[in-house]
Amino acid sequence: MIYGTIVFNVCVGVGLSAACGFRVFAPLLVVSVAGLTGHLPLSPGFQWLASSQAVIVLSIATLFEVLGYFIPWVDHALDAIATPLAVLAGVLAAASVIPDMNPVLKWSLIVIAGGGSAGAVQASTVVLRAMSTAMTGGLANPVFAIGEFAAAVLVSIAAMLIPVVVVAALFLTFVVFGKKLYRKFANKRTATRDRTDKGEYKMTSVILAGFFLAQAAGAQTVSTNPEKKMEIQETAGNVNTMLKAMMTGMEKDGKEELAKKMEVVKAVRKAMGEENLLRLELATELQKMQMAIQYLGYRSPQDDAAGDANRLETLKKIEKALEGSVDQKQLRLMKEKAESGRVKGALSSIRSAIQIFYGDTEGTFPKDFAELTQGAKYLQMVPSVMPPGHSKSSNTVKLVSGVREMADLDKKVDDSGGWIYVNDMDSKLLGTVIINCSHPDVNNPKTYMYSY
């Protein structure tokens, strides 16, 4: 296959990104194998994907991702993080094959076309998986997972062989699926506006409460008897299905049918008990508060200094009200995860700036970060981070030379915080940036190994 034209390579990138919407690591593994065997030319700065080490790591990641969907609690955890990971993988897949061009145009294509196609496909699989779960109680999820893996591999291969056809097929699929989804939700909104019976709304709230109880019973069973645990989970799934069946077509029910269902609802409400109803109400209120606090955390263009002071005062009051009511161990773990995410985000922004600089200067890495921040062309400022084990943020940059292998770079980590940047023109690691921290975080043995 002949690569080189911008349009052709963009189609390859979009096709590979779409495949990441089915599975995160499988398409990247295909790219890595194709690059290693010489069947897929990679863009400058992404040659590391065409290495035996990358193939091994991505093979292990793909295996764990596929097997994870056969374990219920891992399945749920993967679903929760699949969308952001799919978008990131889509951006990486697109960036690895789209050739050098105007940086603004290149990264706009990568983020919008690459990340957008991956996100759209992932969103579609989420909807289809939800429908599968609703119809089969989750029994078909393993089969669905195998189908997603097969689709990821086939679409990745097709994207390299017939990229234009793949992009055209994706476009038509999105148009057809989008129209059907729009009509479905438009019909639901119309039916909802036509509801006039107050009992129906009350019935819906109680049925939703039943969902909450059934899911809690099924997902949080602590029975030491495996047979009893299985029976509880199966019963919870059966209750969920029955409640969904009650809600189906409810907008078309007449008064007599609604009255019969209301009697059933009263019985369900009685069986649930006051404690579970209170739990549902509490969960609903906490979700509302969480959304309000997220709004307070972002400054709108209309905010002034006085507005900032009022928002900060409000947040401080909320923080004080919550003290003593939160599990401190869980709170600490969540804070570490959040800070870990910020550190990784800062590292990603620096690496992106270096890559753009590399493209602008036709293959030259910056001597130091001052070249990135000059005129705020690549970075507004060097990001300040507070990695695990540190009590304050730092954006200092330690320039190192005399490193030939990663083992040499490991020895340069002195745990003083900030960043380490290789600016040795004779080193094959030239342009490498890592975090100057050897403390372990929640996911890695050592923080500086984020870059590996």
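Checking the stated criteria, VAL264 turns out to be surrounded by 12 or more Cβ atoms within 10 Å (Cβ to Cβ), of a type in the set (Val, Ile, Thr) and at pLDDT 75 or above. Residues of region 4-45 that are outside any helix (DSSP H, G or I), under 25 Å from VAL126 (Cβ atoms) and either outside the structural domain of VAL167 (by TED's automatic domain parsing) or not basic (Lys, Arg) (or both): GLY21, PHE22, VAL24. For region 324-355, which positions are among the charged types (D, E, K, R) and closer than 19 Å to GLY389 by Cβ? Of everything in region 324-355, those that are among the charged types (D, E, K, R) and closer than 19 Å to GLY389 by Cβ turn out to be LYS329, ARG332, LYS335, GLU336, LYS337, GLU339, ARG342, LYS344. Within the span defined as region 394-417, every residue fails to be at pLDDT 85 or above, closer than 27 Å to MET101 by Cα and either surrounded by 13 or more Cβ atoms within 10 Å (Cβ to Cβ) or not assigned by TED's automatic domain parsing to the domain that holds ASP441 (or both).
Within region 344-383, restricting attention to residues that are free of Cβ contacts under 8 Å to residues at least 24 places away in the same chain, of a type in the set (A, V, I, L, M) and in a helix (DSSP H, G or I), the residue that is farthest from ILE434 (Cα to Cα) is ALA376.
The values are calculated or read from the model by the stated rules, or taken from the named source; none is laboratory data. Only a predicted model underlies this, so the values are computations on that prediction, with no experimental measurement involved. With ideal geometry, Cβ positions are generated from the backbone for all residues, glycine too; neighbour counts draw on all protein chains shown.
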